[in-house]
Amino acid sequence: MGFAELHCLSNFSFLRSASAAEELVEQAIAYEYEALAITDECSLAGVVKGWKAARGSGLKFIIGSEFHCPEHGCFVLLSRGQQGYRQLSAFISTCRGKSRKGEYDFAVTDLEQATLDDCLLLWRPASSLKGAPVAAHALKLKFKQRFWLLAERGLHGHDGESARQLGVISQQLDCPVVASNGACMHSMERLPLYHVLSAIRQHQPVSQIQSQLAVNGEQRLRSRSETEQLYPAAWIEQSLYIAEQCTFDLGTLRYEYPAEVVPSGKTPQGYLGELAAAGLQRRYPKGAPEAVAEQLQRELDLVAEMEYAHFFLTIYDIIDFAAQQRILFQGRGSAANSVLCYCLGITAVNPAQSDLLFERFISKERNEPPDIDVDFEHERREEVIQYIYHKYGRERAALTATVITYRLRSALRDVGKALGFPQAQLSQLLARLDRRDSEEDWHQQLQALGLLKHPMGQHLLDLTEQIRGFPRHLSQHVGGFVIASERLSDLVPVENASMPDRTVIQWDKNDIETLKLLKVDVLALGMLTALRKGFQLVEQHYGKALHIRTLPQEDPAVYAMLQKADAVGLFQVESRAQMNMLPRLKPKTFYDLVVQIAIVRPGPIQGDMVHPYLRRRDGLEPVEYPNDEVKAVLQRTLGVPIFQEQVIKLAMVAAGFSGGEADQLRRAMATWKSSGQMLEFKKRIVEGMRERGYEEEFALRLFAQICGFGEYGFPESHAASFANLAYASAWLKCHYPGPFYVGLLNSLPMGFYSAAQIVQDARRHGIAVDAVCINQSSWDHQLEAGSYRETIRLGLRLVKGLNKQAAQTILQQRPVTGFTSLAQVEATQVAGTELEALASAGALTSLAGHRYQARWDLTRIGQQLPLLATAEEASAYELSAPDAMSNMHEDYAAVGMTLGDHPIALLHKEGRLKNCKKSTDLPSLRHGQLVTVTGLVVGRQRPSTSSGVTFVTLEDETGNVNVVIWQETGRRQRQQWLHARLLEVKGTLEKHGEIIHVVAGRLTDKSTLLASTPVKSRDFH
Amino acid sequence: MQPWAYLYLPALQLDNLQLMHPALSEQAVVLYSDASQLVIQANGAAMEAGIQVGMALSDAWVLAGDLQVFVHKPAFQRQLLEQLAEQLYQHFADLALDESHGMWVRLQAMQRLFASEDAALKALQAQLNGLTSCIRTGPTALAAQLLARSPQSYAPGDIDVRQTSLSAPLKQKLQRMGLQTIDHLQRMPSATLGTKLGLELVQFLAQLHGQQPLGLSFFQPSGVFKQEAQLAAEVHNWNGLRFPLNRLLLGLEAYLRSRQQMTRCVEITLFDRQSQQQRVRVNMAEGEFRAAQFYTLAQLRFEQQRLSAPALILRVEVRTFEAMQAQAATLTESTSGSAAMPLGALLNVLQTRLGRACIHGVAVGEGWLPECVQQRVPPGTPLLKVAAGWRPPWLLEPQPTEIAGWQLISQPERLVEPWWCHQERALRIRDYVVARDEHGRRGWIYFDHQSQGWFIQGWLDG
């Protein structure tokens, strides 16, 4: 006899099921079930994955959901047809909408009231019920022949009693019984994990909650023969009867684009064609190059064929709004760097300027929706989001979900706690796991730490492995919107996000991709804010209107600046690794910048592709290709694979992957760290390439590169969009440094550098910087562009402990001629603590002499002291002024930077640093020379790509010194550098062209020379 | 002679730990806060590796891979401080405890006993026996405390305001005005300070100058001996207890000797990870004060008895004392006249007659496996909850049985043994049924999937 399992939870019923939807489907196929329903608790989050796994297998996949009510038991709704699916989705959305994130609100009366005429209802009565309650009669009346009782046998002592009770209710309601296993596991072997999940849910070790754990592993899928032994045949037959009625297939779900982006009377394709033609005219006023025009036509044809016109029009509508509001934006993604997007204004990357393969912009073979992310100014993205909500309504637009899954560390921590490992022991294990290898060799690492000697050690290893990749909760995607033509909740359940007024759908981007729904990514980018502010300052002070798309292209002065690694504050090329690469790669064209951005990434570095590329670029190595196919893939990057799509293409042409296999590879790359799927591909790549005459070593390097791309997948189209912004920021810095720095400072926090480091860079570029002053500063930093030199007046936003509202109050009440006394400042009624913050920042120095005195004078009377109050006038007391060192400390404490002497300069003056070279001394010294340098530790980096090397950046009064600490040196002297704020390094100077660093020999923590921390290191692991 | 001394003991718990386990001194050891996961105390080897107090525990692991870590327990540290006070009280009358890491000694009161300040301090030092400490004297209690806590300072005026007990916001305020040391404050008119910065600062200065008392409450000995030792690792058997128990018993001997007292009952308590106790009473017919005797008796008790759970803390406690010279008068007393024998005495008699193994109590434990639910416990343990009524009241050790002789009369109940109790990966499954044997008795039998055999575990009929 056949069987259909109609009540089954996947691990998207968070911490309640120990199997993934795919595993359940696979097991159901193996047991030759007729059908399987995934019925997660008030959720459809797992159904797309289950449906995908069942597709083409012959197993009918049914969509349902369960709802709990402590008084009455568990209810399972199954969707019968498409209408039923929509009703179920809407019902889940209603239950979720009444509760905060991650919870739902359900009462039996909801089932009576909702429209569910195309859904079937199964009910497992609560064990406390001895007969059918009134509510059950009401449900029977409503659902009539669409109502069943669920019988689930757990092989418990009370099974007989439960069956008797079910019989009574069945008679009272005249309602058939259907057999189910109520599966939470695909196999009994998952029982330990099931227990651990329960323990995690209850925040207690398994041994402490035994009375609440499942006593056996019978909540699992059972083979048909087992099922037949446990249930009467009639109950099993009912499962088949129900399955037969459920005909809805997720693949038939039709998504309809919002209609309002097309003016009435026009077709979407026609309107898109019009916009594209107008854009082409605007972009090329003197006539477009023939190749570009032809390309546009090809793209439009493809869009028509794939019926994607609505998608482009939706994005166009959003960016059109942003353009009208003067919000800077930039599109990226495989489809963004097309002539079409260039003409629509979605991107400013000029197709004539780079050599991108535009055919790729929509993957016809993959039949996937086009991918366009649009970045907006980070401070103004909310305006765009509100526009979307306003235009389409909250019922039609919601954010995509991001599934937060268990990663190695979170898995170890939670499983460890559930097994009763003490917190300290877990901390020790986690601290001693090498971060860089942690996702790969963690089994060996933990074994090396002696974990297996612990009685629970093997369980910890096994269960951590099992739980990795399990979803933990749904979060909101950073900006991926799904917009529907009708109510979105008819398509997919919508629930509340943690942020107020945000809703999120229950599917993530992979689900959306599977079902070919349209997603619009509305993302935030700080650099766009900085550029817009910079451009405004240029217009204000120099009367020149600038825009990213109108900046002069291929400016040699800009590339000359980049080649010198003068890149502090520039988009994407400001990190230390990028700065090291700039003088080596010496970008001369836009495409060089595209390569520059893509090459300093884990993929090319792990694949050891950087040096071959540089050697070929310098003409030190011949550029050769084994055949024309490979040449077509790698020609633009001198035969060395740099971009993600190149390695995938290479897998096809060199290892013989089919289009479908290459697509699987691409997907596996994105998730391999959590799913571990990549190793399956290793053999196929290496063998495929060897068969085709490639050396194994090259094949292994290519595989390493593919792994390196992993989560940091970096396709050429992204690099091109980023390069455009990198160029724009470099152009602004090169030609209008004042506006550039002020724009950047007013957009913080963003990027790699603190305000202090940016200000120092500005001063090194000859720009004067004036301190925060109550009478001169505004909230933002300001540019004062005199005829002699540009000056930055630091703004009140820098003052720690002063909020914007208080600052505005002070500024509104500031007399035109400025405050003349502290009493006037106090009269603004701003809180004392805010004024004290201003005093310590030195902003009141012009009124009180020095910051200590200003703070003293502004300090309000503490407690009333009747006995002492009669004494002398308190404020008459004069405090001594701070010395240079104290001033420096106060500067850092109050505004995070100093405009006075640098701490290192002060220590030099006091004679406390001997024989130390400064940053500016280093270029004149010879390679290999022994040097001593001392500086504030402003950055520690341990990139995942370097073999145990730590990079430390020291700052002195003249600039930064890059220190390289090799693994062994670092390990031996860890205590000296790990927490040092002031570090002395004796080492060897290494010079390669303009790249200079000190390879550390002896390290000494000199932090005690500083009384307290002036600056906080920015550490990146 | 300065009127006050302050004894600062920044690492009392760690010192005690190392005293109990001398081998630890050679390794890097830290105590950490369970709540914040920060290092609270660190020994010399840890400091040498670069570990500092206040550092995150995860950083400490990075600096010393073989680091030994223990949880810092303020209550335990306070108890150690009280133990020390009990000991010092033999020599110094006026002691006042300061939270958990220091105490004041009023030297003024001891002028008649000690010729000089030096002599008094030497006597004090002699009692410390290897503890990390700093003793400073001062004209006021607060001055002595401040100096002891910042040993590099010569006078209270040198002390950085950050090292005082002033509230954090006030300390920050002072620093941000450049008022870095107590000297800065002392030079300012107190009325000005008061009106600007409040009562807290004025009171602090008044206490420092002795114009206002610190409000100390002086130590009163408790009259009982109670000392604890933290064990370096979980101890499973007697061997692991030997050294720390001996140290505690030596402490007891010193305590009794100094008071010219004896005892007939020493209570030894072991605490496991969940703070559950296992108590062992060492009773003696006659009063005793020698550590060696206590030790021998304790050894006899522990060799007979298994530890119920791995122990983490060991406590020795004596509540009843008698004078060292007194004879034990109770020897002549007899219990024979008592009609109602107390339960404890009855159980003792039964155990003596029938043997220890024959007498035990029953308790209902956590879990679902029958042997876990029904546990044998020492006789006299009160029954706190009752097991499900349909299960056999008494369990047997599972015995193999032939299924052929049984007639099954219930539906099967499947139980999986708690997998965390063993290291095997495979689950151990049992299917229980109620069955009738050929004599008509109802038994509770199960099929063990692993051994593929049937077992009987209990009878449902009396």
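We did not get these values from a lab; they are worked out from the coordinates using the rules stated. All of these numbers come straight from a predicted model, not from anything done at the bench. Counting neighbours? That spans all protein chains shown, and the Cβs are built from the backbone with ideal geometry, glycine included.
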Hey, could you grab the Kirkwood Rh for chain B? Inverse mean 1/r over distinct alpha carbon pairs, Å, one decimal. 27.6
So the compactness index of the stretch B:1-108, its C-alpha Rg divided by 2.2 N^0.38 Å, takes the value 1.20
Looking at chain A, what % of its DSSP beta bridges pair antiparallel, to the nearest 5? 65
The stretch A:97-170: relative contact order in percent, alpha carbon pairs under 8 Å with at least 6 residues between: 33
DSSP loop (so not H, G, I, E, B), at most 14 other Cβ within 10 Å: list which GluC sites (Glu not before Pro) in the stretch A:893-965 pass both filters. A:GLU910
Would you kindly derive the ³J(HN,Hα) couplings of the stretch A:452-468 from the backbone phi angles with the Karplus curve 6.51 cos²θ - 1.76 cosθ + 1.60 (θ = phi - 60°), listing them in order in whole Hz, with x for Gly and Pro? 5, 6, 6, x, 9, x, 5, 4, 4, 4, 5, 6, 5, 4, 5, 7, 4
Nearest 10 degrees, 0 to 90: what angle lies between the long axis of helix A:526-542 and the longest principal axis of chain A (Cα atoms)? 40
Order of A:THR920, B:THR269, A:THR347 under a 10 Å beta carbon neighbour criterion, fewest first: A:THR920, B:THR269, A:THR347
Taking the stretch A:42-189 and dividing mean pair separation by its residue count, relative contact order in percent (alpha carbons under 8 Å, at least six apart): 19
Cβ-based net charge around A:THR820, under 15 Å, with every Lys or Arg adding one and every Asp or Glu removing one: -1
Provide Rg and Dmax in Å for the stretch A:886-951, with only Cα atoms included in the calculation. 15.5, 41
Using alpha carbon centroids, what distance separates the stretch A:501-567 and the stretch B:55-76, in Å? 46
Could you work out how far helix A:290-306 tilts from the main Cα principal axis of chain A, as a 0 to 90 degree angle to the nearest 10? 30
Divide the volume of the convex hull of the Cα atoms of the stretch A:1-91 by its number of residues and quote the answer in cubic angstrom per residue. 104
What's the angle, to the nearest 10 degrees (0 to 90), between helix A:159-173's Cα axis and the longest principal axis of chain A? 70
Report the Stokes-Einstein translational diffusion coefficient (µm² s⁻¹, integer) for the stretch B:143-219, Rh taken as the Kirkwood radius over Cα pairs, at 37 °C with viscosity 0.692 mPa s. 255
Find which of A:THR845, A:SER223, B:VAL235 sits farthest along the positive direction of the dipole of the protein assembly as shown, computed with +1 on the beta-carbon of Lys and Arg, -1 on that of Asp and Glu, about the Cα centre. A:THR845
Could you go through the stretch B:230-245 in sequence order and give the Karplus-derived ³J(HN,Hα) for each residue, using 6.51 cos²θ - 1.76 cosθ + 1.60 with θ = phi - 60°, rounded to whole Hz, and x for Gly and Pro? 7, 8, 5, 8, 5, 9, 9, 8, 4, 3, x, 8, 3, 5, x, 5
Top positive-direction residue, dipole computed over chain B with Cβ charges, set B:TYR432, B:ILE445, B:GLY157: B:GLY157
When the charge dipole of the protein assembly as shown is computed with +1 at the Cβ of Lys and Arg and -1 at the Cβ of Asp and Glu, the Cα pointing farthest to the positive end, of B:CYS372, B:PHE321, B:LEU415, is that of B:PHE321
Between the stretch A:890-920 and the stretch A:3-27, what's the alpha-carbon centroid distance in Å? 62
Can you run phi through the Karplus equation (6.51, -1.76, 1.60; θ = phi - 60°) for the stretch B:268-275 and list ³J(HN,Hα) in whole Hz, with x for Gly and Pro? 10, 10, 10, 10, 9, 4, 8, 6
Quick calc, the protein assembly as shown, dipole around Cα centre from Cβ unit charges on Lys, Arg (+) and Asp, Glu (-), nearest 20 debye, gives 2240
Using the 2.2 N^0.38 Å rule of thumb for compact globular proteins, work out how chain A stacks up: its C-alpha Rg over that value, please. 1.08
What translational diffusion coefficient, in µm²/s and rounded to a whole number, does the Stokes-Einstein relation yield for the stretch B:49-133 at 4 °C and a viscosity of 1.567 mPa s, taking the hydrodynamic radius as the Kirkwood radius over Cα pairs? 84
Low-density loop cleavage sites - trypsin sites (Lys or Arg not before Pro) in the stretch B:107-172, where at most 16 other Cβ are within 10 Å (DSSP): B:ARG112
Among A:789-795, A:447-453, the order from most to least packed when residues are scored by Cβ within 10 Å on average: A:789-795, A:447-453
Contact order relative to length of chain A, as percent, for alpha carbon pairs under 8 angstrom and 6 or more apart: 8
